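*Asks:* First the structure, which I've put down as structure tokens, then a few questions once you've had a look.
The values are calculated or read from the model by the stated rules, or taken from the named source; none is laboratory data. What you see is a predicted model; the values in this text were computed from it and never measured. Backbone-built Cβ (ideal geometry, glycine too); neighbour counts: all protein chains shown. The accessibility values were calculated without ligands, DNA or RNA, using every heavy atom of the protein model including side chains. Shrake-Rupley method; radii C 1.70, N 1.55, O 1.52, S 1.80 Å.
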Amino acid sequence: MIPHKSMLNVRKRGLPRRSVKADRRVRRTRDRLGQALRKLMEERPLEKISVQDVIELAGVSRSAFYAHYDDKVDLLLSDMDEFLERMAMLLVVRNEQSDRIAPVREFFSHVGEAVETRGALARSERLQDFFDLAVEHFGRGIEARLKQIKWRSASDRQPGSDLVAHALAGAFIGLLNSWTRTGHGQSAESMDALFHELVWAGLTGQRSRNARVAGLREEG
């Protein structure tokens with residue numbers, strides 16, 4: 001679990017609303033710091049990396065670093081948080097015309113190729129933080145996606161949809177973890193098909209059960 005701060009309290013730092021030019025400058029600074037930290041973590045564990053190491057490699061000032069982050073752990077968590085948020089909402093932003101509820105193919109491909117980054121997170125004992133944050137973000141992304149593709153009508157929607165989405169996100173990340181541990185025996189495309197086959201078998205089964213329960217209540 002994340003010891004530095006809870007997942008829900010990981011700071012969501014929106015770009016300051018000043019100007020497009022200023023926003024781009026902020027984005028570049030944050031990107032450079034994130035890239036520098038990831039590069040250093042490929043060489044040594046997080047505890048052996050200093051803020052000074054990061055800012056020297058990134059080529060930014062100490063004041064610029066602390067204008068955005070509290071410390072190196074805050075930088076790492078924020079960097080992961082921003083990446084996972086973008087990935088989790090990818091299909092929603094695209095408004096993809098399919099029945100996919102999560103970008104399994106895209107996410108698995110990215111994680112599968114990022115061998116050095118995964119190793120760096122594991123050595124620094126931060127891989128679980130990544131998975132925990134991923135479940136939170138993909139839970140929200142899946143819930144938004146189910147609403148977008150109108151899986152349930154307004155009258156059919158029931159309380160607890162966020163719990164269903166969170167459960168599906170947990171299954172998604174569990175599948176990812178197994179896939180990486182077993183050496184990518186199947187392609188990212190086949191894992192996408194497998195995940196959605198399982199998802200829709202479960203969701204349509206749940207809808208059928210709900211209809212049966214409603215029918216029994218009416219009969220009673």
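To keep it simple, each residue is scored yes or no on (1) in a helix (DSSP H, G or I); (2) surrounded by fewer than 21 Cβ atoms within 10 Å (Cβ to Cβ); (3) β-branched (Val, Ile, Thr).
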residue	(1), (2), (3)
Asp70	no, yes, no
Asp79	yes, yes, no
Gln97	no, yes, no
Ile101	no, no, yes
Phe108	yes, no, no
Thr117	yes, yes, yes
Glu125	no, yes, no
Gln128	yes, yes, no
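*Asks:* Which of the following residues is modelled with pLDDT under 95 and closer than 20 Å to Gly174 by Cβ: Arg100, Arg123, Arg118?
*Replies:* Arg118
Quick grid of which residues meet (1) in contact with an Asp or Glu (Cβ under 9 Å, 6 or more places away or on another chain); (2) among the small types (Gly, Ala, Ser); (3) modelled with pLDDT of 90 or more:
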| site | (1), (2), (3) |
| --- | --- |
| Ala134 | no, yes, yes |
| Arg145 | yes, no, yes |
| Ala154 | no, yes, no |
| Pro159 | no, no, no |
| Leu175 | no, no, yes |
| Ser178 | no, yes, yes |
| Arg181 | no, no, no |
| His184 | no, no, no |
| Ala214 | no, yes, no |
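*Asks:* List, please: which pairs have Cβ atoms under 7 Å, are six or more places apart or on different chains, and start with a residue in the stretch 78-99 that is at positive phi and end with one that is open to solvent by less than 80 Å² (accessible area, probe 1.4 Å) and in a helix (DSSP H, G or I)?
*Replies:* Asn95/Gln148
*Asks:* Output yes when any residue across the stretch 71-79 is under 14 Å from Gly34 (Cβ atoms), touching a Gly at 6+ places or on another chain (Cβ under 8 Å) and of a type in the set (Asp, Glu), and no when none is.
*Replies:* The answer is yes, given that some residue of the stretch 71-79 is under 14 Å from Gly34 (Cβ atoms), touching a Gly at 6+ places or on another chain (Cβ under 8 Å) and of a type in the set (Asp, Glu).
*Asks:* What number of residues within the stretch 176-192 satisfy the criterion of being open to solvent by less than 60 Å² (accessible area, probe 1.4 Å) and free of Cβ contacts under 8 Å to residues at least 24 places away in the same chain?
*Replies:* Going through the stretch 176-192 one residue at a time, the tally reaches 3.
*Asks:* Give the stretch 42-59 a look and list any residue that's within 27 Å of Asp23 (Cβ to Cβ) and open to solvent by less than 30 Å² (accessible area, probe 1.4 Å), or say none.
*Replies:* Within the stretch 42-59, Val51, Val54, Ile55, Ala58 qualify.
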